[in-house]
Amino acid sequence: MTTVTFHLEGNRIVSFESQGHSGYAEAGADIVCAAVSSTVSLVECAINDVLGLEAAVKVNPKNAKISLKLPGKLPEQADATCQALLTALMLYLSQLHDEYPENITVLEV
């Protein structure tokens, strides 16, 4: 199972981590893992490459883990954009959980 945990400070999402293989299908044919990987990559690219914010990203392929932490004290506009991106990610993954409840869990802490 893939577990995605969003870390909040008040109403702000400050980081997330995704860990584990969904187990929907074999590697290379797992549509749930592909959906999670592609959306996480899109958000990371938007934050780091498009906005140039240098969020901390850690990847550990051994345990299928990726995490992203926003830098502190972002300008108001950049923070609003990041919050929109991270909220969209959380909503999308929650919808994916509704479709595949045995394969993905989304948590807020």
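Table for the structure above
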| item | result |
| --- | --- |
| Test for Ile31: is it β-branched (Val, Ile, Thr) and open to solvent by 40 Å² or more (accessible area, probe 1.4 Å) | yes |
| Selection status of Ser15, closer than 15 Å to Lys69 by Cα, open to solvent by 30 Å² or more (accessible area, probe 1.4 Å), among the hydroxyl-bearing types (Ser, Thr, Tyr) and within 11 Å of the chain's Cα centre (by Cα) | no |
| Check on Glu54, out of contact with any His (no Cβ under 9 Å at 6 or more places or on another chain), more than 20 Å from Arg12 (Cα to Cα) and in a loop (DSSP other than H, G, I, E, B) | no |
| Lone unmet requirement of (1) closer than 14 Å to Phe16 by Cβ; (2) open to solvent by less than 70 Å² (accessible area, probe 1.4 Å); (3) among the hydrophobic types (A, V, I, L, M, F, W, C); (4) in a helix (DSSP H, G or I) for Ile66 | (4) |
| Subset of the stretch 69-104 that is in contact (Cβ under 8 Å) with a residue 40 or more places away in the chain and over 20 Å from Arg12 (Cα atoms) - its residue that is surrounded by the fewest Cβ atoms within 10 Å (Cβ to Cβ) | Glu102 |
| Filter result (β-branched (Val, Ile, Thr) and in a helix (DSSP H, G or I)) within the stretch 69-109 | Thr81, Thr87 |
| Scan of the stretch 39-54 for residues that are at negative phi and either of a type in the set (Phe, Trp, Tyr) or open to solvent by 70 Å² or more (accessible area, probe 1.4 Å) (or both), ordered by number | Leu42, Asp49, Val50 |
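For every residue, the table says whether it meets (1) in contact (Cβ under 8 Å) with a residue 40 or more places away in the chain; (2) over 13 Å from Leu93 (Cβ atoms); (3) not in a loop (DSSP other than H, G, I, E, B).
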{"residue": "Thr3", "(1), (2), (3)": "yes, no, yes"}
{"residue": "Leu8", "(1), (2), (3)": "yes, yes, yes"}
{"residue": "Ile13", "(1), (2), (3)": "yes, no, yes"}
{"residue": "Ser22", "(1), (2), (3)": "yes, no, no"}
{"residue": "Ala29", "(1), (2), (3)": "no, yes, no"}
{"residue": "Val32", "(1), (2), (3)": "yes, no, yes"}
{"residue": "Val40", "(1), (2), (3)": "yes, no, yes"}
{"residue": "Ala46", "(1), (2), (3)": "no, yes, yes"}
{"residue": "Asp49", "(1), (2), (3)": "no, yes, yes"}
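The values are calculated or read from the model by the stated rules, or taken from the named source; none is laboratory data. Everything numeric in this text was worked out from a predicted model, so none of it was measured. So basically every Cβ, Gly included, is an ideal-geometry build from the backbone, and we count neighbours across all protein chains shown. With ligands, DNA and RNA removed, areas are computed over all heavy atoms of the protein, side chains included. Shrake-Rupley method; radii C 1.70, N 1.55, O 1.52, S 1.80 Å.
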